[in-house]
1. Would you tally the residues in segment 197-223 being among the basic types (K, R), over 20 Å from G18 (Cβ atoms) and either buried (at least 18 other Cβ atoms within 10 Å of the Cβ) or free of Cβ contacts under 8 Å to residues at least 12 places away in the same chain (or both)?
2. Hey, among the residues in segment 102-118 that are touching an Asp or Glu at 6+ places or on another chain (Cβ under 9 Å) and assigned to a strand (DSSP E or B), which one's surrounded by the most Cβ atoms within 10 Å (Cβ to Cβ)?
3. Anything in segment 120-139 that is within 18 Å of I69 (Cβ to Cβ) and assigned to a loop (DSSP other than H, G, I, E, B)? List them, or say none.
4. Please specify each residue of segment 54-65 satisfying the condition of being more than 17 Å from F302 (Cβ to Cβ) and in contact with a Leu (Cβ under 6 Å, 6 or more places away or on another chain).
5. With respect to V37, determine if the residue is farther than 28 Å from N174 by Cα and either surrounded by 15 or more Cβ atoms within 10 Å (Cβ to Cβ) or hydrophobic (A, V, I, L, M, F, W, C) (or both).
6. May I ask you to list the residues in segment 63-101 that are assigned to a strand (DSSP E or B) and either closer than 19 Å to A305 by Cα or out of contact with any Pro (no Cβ under 8 Å at 6 or more places or on another chain) (or both)?
7. If I filter segment 59-68 for residues that are within 27 Å of P195 (Cα to Cα), aromatic (F, W, Y) and out of contact with any Ser or Thr (no Cβ under 6 Å at 6 or more places or on another chain), do I get at least one hit?
8. Within segment 256-293, restricting attention to residues that are hydroxyl-bearing (S, T, Y) and modelled with pLDDT of 95 or more, which residue is surrounded by the most Cβ atoms within 10 Å (Cβ to Cβ)?
Amino acid sequence: MIEPRLLQPGTPPPAARGFRMPAEWEPHDATWLAWPVRESDWPGKFPLIPFVYAEILRHLTRFERVHLIVPDAATEVTVKNLLQKSGVNLNAVQFWLLPTDRSWLRDSGPMYLLNTQGQKAILDWHFNAWAKYPDWHADDALPSAIAHLQQLPYWQPVVHGQRVVLEGGAIDVNGEGWLLTTEECLLSTTQQRNPHLGPKDYERLFADYLGCSQVIWLKRGIVGDDTHGHVDDLARFVAPQTVVTVVENNPGDDNYLTLQENLDILRNWRGPTGEKLEVVSLPMPQPLYYEGVRLPASYANFYIANGLVLVPTFNDPADRHALGILADLFPEREIVGIHCVDLVWGLGTLHCMTQQEPRATRNGTPPDNP
């Protein structure tokens with residue numbers, strides 16, 4: 001076993017060592033999930049949520065391993081019983097006993113990198129519950145804990161002496177140096193993650209730590225988004241130069257102008273040598289409310305797994321249209337709709353709860369010393 005190492009500031013950053021963040025459609029070793037334990041995230045609907053998770057696991061385990069975080073051994077026994085009844089392939093599930101505050105691993109879990117030699121490492125960004133909630137310390141500790149358990153080296157990005165906050169749902173990458181994000185999430189003074197950073201600071205961070213030299217800044221997120229502008233409810237790479245983006249067709253809807261503005265940015269974007277994006281529109285479902293709260297229902301919150309794309313559905317006429325568009329874009333993968341009317345009451349769906357671990361050819365081997 002090789003001792004994991006926290007690679008300190010002052011040593012060459014990941015990109016200088018040949019590391020990059022792979023695209024989500026690249027081969028996975030596994031998907032990470034955290035079992036839901038916080039009833040207050042789904043007030044009044046929590047008893048339904050474990051069954052949604054079980055259905056997601058049933059599909060994922062047909063194609064890849066799942067690393068499932070549970071808080072203790074007693075919960076593991078209960079969860080195994082439910083998963084077995086639900087037809088989940090338990091041979092493809094590995095349980096990890098770790099404390100969590102919430103189960104949105106896209107934002108709190110480890111962000112994996114690969115280098116040109118097929119070596120794997122982890123980025124441990126600071127997590128502060130979207131600069132909104134006071135209880136985040138258990139979630140913040142997850143990436144470094146997993147790095148130690150997996151015997152992987154890891155970085156904690158620091159700028160001006162402060163750890164940098166970055167959630168996985170705030171960015172999307174094509175694996176070849178391009179990155180999507182929003183001004184609302186990273187640059188707004190509302191739910192401000194990093195007051196000491198400006199756009200050029202972020203662009204340098206993305207280049208140094210993710211291997212992304214081209215940043216596409218969209219404007220605002222959808223109505224109801226508790227994260228204040230995560231891009232994974234807006235626009236996603238589905239191929240190196242292809243982006244799907246949600247579009248609202250009703251001019252009277254609160255999302256209409258915002259999504260039109262983002263659509264124009266994507267259509268007009270040009271890379272340093274004139275590269276263009278192929279932009280594919282996804283519909284938005286009709287507004288979805290519960291207890292008078294508009295929920296962040298979006299088909300862009302899909303998750304790309306090995307041989308499979310899980311897509312949130314909302315008992316909406318647009319479900320069929322969205323599934324068809326994604327089927328055309330991923331002809332070699334199964335497209336599976338997951339009913340998310342109850343799940344989205346927690347203000348997130350499939351992409352928010354998952355975190356991919358890319359496949360490495362030399363798993364567990366740290367990069368050479370500088």
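1. Filtering segment 197-223 for residues among the basic types (K, R) gives 200, 204, 219-220.
Pick out the ones that are also over 20 Å from G18 (Cβ atoms) and you get 200, 219-220.
The next check asks that each one be either buried (at least 18 other Cβ atoms within 10 Å of the Cβ) or free of Cβ contacts under 8 Å to residues at least 12 places away in the same chain (or both); those that pass are 200, 220.
So the answer is 2.
2. Step by step, filter segment 102-118, then rank; the result is Y112.
3. Residues satisfying the conditions are D124, W125, F127, D135, W136.
4. A54
5. Numbers: farther than 28 Å from N174 by Cα: yes; either surrounded by 15 or more Cβ atoms within 10 Å (Cβ to Cβ) or hydrophobic (A, V, I, L, M, F, W, C) (or both): yes.
Criteria met by V37.
6. Restricting attention to segment 63-101, the residues satisfying the condition of being assigned to a strand (DSSP E or B) are 65-70, 93-97.
Residues satisfying the conditions are R65, V66, H67, L68, I69, V70, V93, Q94, F95, W96.
7. Step one: of segment 59-68, the residues within 27 Å of P195 (Cα to Cα) are none.
No.
8. Initial filter on segment 256-293 (hydroxyl-bearing (S, T, Y)): 256, 258, 273, 281, 289-290.
With the extra rule that they be modelled with pLDDT of 95 or more, the set shrinks to 256, 258, 281, 289-290.
On the way: Y256: 15, T258: 20, S281: 14, Y289: 11, Y290: 15.
The selected residue is T258.
The values are calculated or read from the model by the stated rules, or taken from the named source; none is laboratory data. None of these values were measured; they are calculated from a predicted model. Quick reminder, even Gly has a Cβ in these numbers, built from the backbone with ideal geometry, and neighbours come from all protein chains shown.
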